[in-house]
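All remarks here apply to the structure that follows.
The values are calculated or read from the model by the stated rules, or taken from the named source; none is laboratory data. Fair warning: this is a prediction, and the values are worked out from it, not measured in the lab. Accessible surface areas use protein heavy atoms only, side chains included; no ligands, DNA or RNA. Shrake-Rupley method; radii C 1.70, N 1.55, O 1.52, S 1.80 Å.
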Amino acid sequence: TEIQSKILGPNAVTDDVPEKARASITDLADDFVEHMKTDIAKCLEQLFHVSHNLKCKGGTFDYDLLTIIFNQICRLIEKI
């Protein structure tokens, strides 16, 4: 039956499951910082692209305040 499979089968919960889980989490933790840096860089790239487009459109359609704001956002992202 299904219950017997969970108790005795290949996916049975045994005493080594918590240790295997800890090892898996440790492996993932090692990669976390690199994944985080990559994700942040992608977000900043997208934010820069959108800000740059809005800055240009603000200038085109005489929305000077938006042009100033989005220009500052672009400069801030460049510094980062």
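Report yes if Thr26 is assigned to a helix (DSSP H, G or I), open to solvent by 70 Å² or more (accessible area, probe 1.4 Å) and hydroxyl-bearing (Ser, Thr, Tyr), otherwise no.
Considered against the rule, which asks whether it is assigned to a helix (DSSP H, G or I), open to solvent by 70 Å² or more (accessible area, probe 1.4 Å) and hydroxyl-bearing (Ser, Thr, Tyr), Thr26 comes out as yes.
For (1) part of a helix (DSSP H, G or I); (2) at pLDDT 95 or above; (3) among the hydroxyl-bearing types (Ser, Thr, Tyr), each residue gets a yes or a no:
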| site | (1), (2), (3) |
| --- | --- |
| His35 | yes, no, no |
| Ile40 | yes, yes, no |
| Glu45 | yes, yes, no |
| Phe48 | yes, yes, no |
| His52 | yes, yes, no |
| Cys56 | yes, yes, no |
| Asp62 | no, yes, no |
| Thr67 | yes, yes, yes |
| Phe70 | yes, yes, no |
